[in-house]
Amino acid sequence: MALRTKLEILEGERMASWSPDTPCSCDCFVSVPPASAIPAVIFAKNSDRPRDEVQEVVFVPAGTHAPGSRLQCTYIEVEQVPKTHAVILSRPSWLWGAEMGANEHGVCIGNEAVWTKEPVGEGEALLGMDLLRLALERGSSAQEALHVITGLLERYGQGGSCREDPTPFCYHNTFLLADRTEAWVLETAGRLWAAQRIPAGARNISNQLSIGTDLSAEHPELRPHARAQGWWDGQGAFDFAQAFSLTQQPVRMEAAKARFQAGRLLLQQKQGAITAEVMMGILRDKASGICMDSGGFRTTASMVSLLPRDPTQPCVHFLTATPDPARSVFKPFIFGVGAAQAPLVLSPTFGAQDPVQTLPRFQTQVDRRHTLYCRHQVALGLMESEQVTPREWGLPWGHCSPPLPQSDSGKDRGQQLRQKQQDLEQEGLEAVRGLLAGEWAPCPQELGGLFQAFVEKESQAYA
């Protein structure tokens, strides 16, 4: 093996083991009929990120753009397209892209961090999260969105720090893409990529390469490159994961294998009976590590999407906008005439003074907490610690809710809050069931404002 290749592999291993708390713990799931209990594709994702990172839910309406327009992503500009689709995004509030989201055509995408034998560069390019948002804004199907990602990847590459911290933290990405009819897994190594179509059944991805010999599409230079590097002898079947995975996986990536297997088993146990509620249960599974709370990292936001095969029925996207899905409410969002930004889940902005914009980047910190996040943090403390006062959580009450009443014991108050959460989530699920069954026919404004209404109800429950 060439010296350069050995150095690149060592560098990849160094970046993958950058910290004992490296946030390589996301999980994505999809169920395509007949695995689903109903004629619908069901998508789900947990976003595991640095513990104190805030994830906001952003609605961006469809748009038209002048010829020659440029678009500023997190670090670099790309060319804009004439028309973009409306999107709902769950994203770390400091960057332009998103960890997960959906568009008005029923396309959903989630991404995962991955390290391979290809070197991870620290140079600023498109983040995997930028690629995800660009694909949602430009793709009207899962396959079209995949082509958007691969085209931009080949042109601009992927790179730049994926964490709001002065110490660079970089990785490559895998993606799970779904629409009303099918799903795709897209895995990348630098500018190279491999894709697998999922026409039926259940599939999950975690922080490792998972596409073996069953490739549906690939970069034209994928196999020649693997052969030139000595990762594949050119004889027999080409196994992408085997050829491009690191020879010695860091500890946390080895742990991801167990989580991947646990997720696959949970899906298998529910084959033919998978619903949105089942997916929510999987995302809340702490024993497997899928619902993560470890060291400096945790599940900071979650999403489940219901994509009916019947094009006359709306797609429904449930988002938490708060950490720990086991202690959060999945609230329904539906694209419609009244769809708009919910202010309570929108983080403050800092313009040119934002530490992401000033060079060198990330030298200072700002408070990005949105209102629901602040109020949920207090509730989370009560639910998990039984007796935690707001001031023990260090929350400034200037833009958060007032202190919770202390007349009840912390345990009782925590139980009350948890019951309110469960009741609110059940209300949302029942509303969606009624809508899809034709038992509830809201006006377009009411449908589009569903998410905002539930966000406001949740916020009031905590206040």
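Quick note: the coordinates plus some simple rules give every number you see, no bench work behind them. It should be emphasised that the depicted structure is a prediction, and the values quoted were computed from it without experimental measurement. Cβ placement follows ideal geometry from the backbone for every residue including glycine, while neighbour counts extend to all protein chains displayed.
Odds and ends about this structure:
- Relative to its residue count, the chain spans a Cα convex hull of 144 Å³ per residue.
- Ordering of 164-170, 351-357 by packing is 164-170, 351-357, highest average first (other Cβ atoms within 10 Å, averaged per residue).
- Under the Karplus curve 6.51 cos²θ - 1.76 cosθ + 1.60, θ = phi - 60°, whole-Hz ³J(HN,Hα) for segment 206-212, x wherever Gly or Pro sits: 9, 8, 6, 6, 10, 7, x
- Placing a label point 7 Å from the Cα of ARG418 along the Cα-to-Cβ direction, the residues of segment 313-332 whose backbone N falls under 18 Å from that point are 323-330.
- Set of segment 151-186 residues, backbone N closer than 18 Å to the point 7 Å along the Cα-Cβ line of GLN365: 162-169
- Against the chain, whose longest principal axis is taken from its Cα atoms, helix 142-156 shows a tilt of about 60°.
- Taking all Cα pairs closer than 8 Å and separated by 6 or more residues, the relative contact order of the chain comes to 18 percent.
- 10 Å Cβ shell holding at most 14 others, DSSP loop, trypsin sites (Lys or Arg not before Pro): longest site-free stretch of the chain: 1-285
- Summing charges over neighbours of GLN80, with a neighbour being any other residue whose Cβ is under 11 Å away from its Cβ, gives 0 when K and R count +1 and D and E count -1.
- Each label was represented as a point 7 Å from its Cα along the Cα-to-Cβ direction; for GLU79 and GLN445 these points are 4.2 nm apart.
- Close amide H contacts of GLU56 (hydrogens built in the peptide plane, cut-off under 5 Å, sequence separation of 5 or more or a different chain): ARG91, SER93.
- Cα-based helix-to-principal-axis angle, 251-269 vs the chain, degrees rounded to 10: 70
- Kirkwood hydrodynamic radius of segment 146-201, from the reciprocal of the average inverse Cα-Cα distance over all distinct pairs: 12.7 Å.
- Angle between the chain longest axis and helix 371-385 axis [Cα atoms, degrees, rounded to 10]: 80
- Full-stretch length increase - ARG264, GLN357 - with 0.36 nm per residue and alpha-carbon distance subtracted: 29.5 nm
- For segment 254-298, the C-alpha radius of gyration divided by 2.2 N^0.38 Å, with N the number of residues, is 1.20.
- Net length gained if the chain between ALA62 and GLU384 were fully extended (0.36 nm per residue, minus Cα distance): 111.9 nm
- Taking packing as the residue-averaged number of other Cβ atoms within 10 angstrom, the listed peptides 335-344, 94-103 run from highest to lowest as 94-103, 335-344.
- Helix-only arithmetic for the chain: the sum of -39500 (n - 2.57) across DSSP H runs with n ≥ 4, divided by the residue total, places the mean residue ellipticity at 222 nm at -9500 deg cm²/dmol.
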